[in-house]
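Data block below; observations after.
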Amino acid sequence: MSLILFRPKKLDHIDTVQYEIDMLRFAARRLAGRTLTERDAWVYLEAFLLHYRNLIDFLGSESPRSTDLHVTNIWQLTNLTPPSTLNEIYAKGRILRARYEPTDAQGGGRISQYLQHCTMKRIDAKDWDISTMVNDIEPLLSKVEKHFGPHKGILVRIPAIGTLDQFSPSTTVATFTAAVVNLPNKP
């Protein structure tokens, strides 16, 4: 028997962006739960980073490709009215993208260098402050979501996370633990 899985079908471009938002929130909530095994935490961290990178590209890429969904073009593509604060959302999105996807000239450390493919950068230690990342992006996501219209129901929408502080469980990212925990190999 083969294992075949698929992601839910998207009804439109809004569903694509909403899927990214929902999966980011889902992964962040799982990381905050502290009931994960070491490898489960790594999987959720990678999922969080993947969806975070996709969303900062959506919110702040300065040169999106013609086929990219972007905060500046989705409104026209979906016949929706853009937020009145679109320029502010885009400006803040560019700041987030620059922070988490810096060029090599800016010191590197891009999410994509640790996630997208096998790079030499991946042996460099890197901490991911999930609380700060969520706090940075969530206000922008909430503003954009308000203009998406009613949820179509391909997945149950995951509510906004809200603000996480330094005492939130999500500030303890499992990769810190992974560096010091040695688990015996099991057959």
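Which of the three applies to region 1-116, rounded, prolate or oblate, going by the alpha-carbon gyration tensor with a ≥ b ≥ c and a/c under 1.5 meaning rounded? Note, shape of region 1-116 comes out oblate. Summary of packing: across the peptides 70-83, 135-148, the per-residue average of other C-beta atoms within 10 Å ranks them, highest first, as 135-148, 70-83. Inter-label distance, K10 to Q106: 2.5 nm, where each label sits 7 Å from its Cα along the C-beta direction. Each Lys and Arg contributes +1 and each Asp and Glu -1, all at the Cβ; summed about the Cα centre of region 42-156, the dipole is approximately 160 debye.
Carbon and sulfur: what percent of region 1-77's accessible surface (1.4 Å probe)? Before the final figure, lay out the partial values.
Working: 2520 of 4600 Å².
Carbon and sulfur: 55 percent of the exposed surface of region 1-77.
Going by a ≥ b ≥ c, the root eigenvalues of the Cα gyration tensor, does region 49-126 fall in the rounded group (a/c under 1.5), the prolate group (a/b larger than b/c) or the oblate group? Please report the intermediate quantities before stating the final value.
On the way: a/c = 2.99, a/b = 2.15, b/c = 1.39.
Here region 49-126 falls in the prolate category.
The values are calculated or read from the model by the stated rules, or taken from the named source; none is laboratory data. These numbers come from a predicted model, not from an experiment. Methodologically, a virtual Cβ is constructed for each residue, glycine included, from the backbone with ideal geometry; neighbour enumeration extends over all protein chains shown. When the accessible area is computed, the model is the full protein with side chains, heavy atoms only, and any ligands, DNA or RNA have been set aside. Shrake-Rupley method; radii C 1.70, N 1.55, O 1.52, S 1.80 Å.
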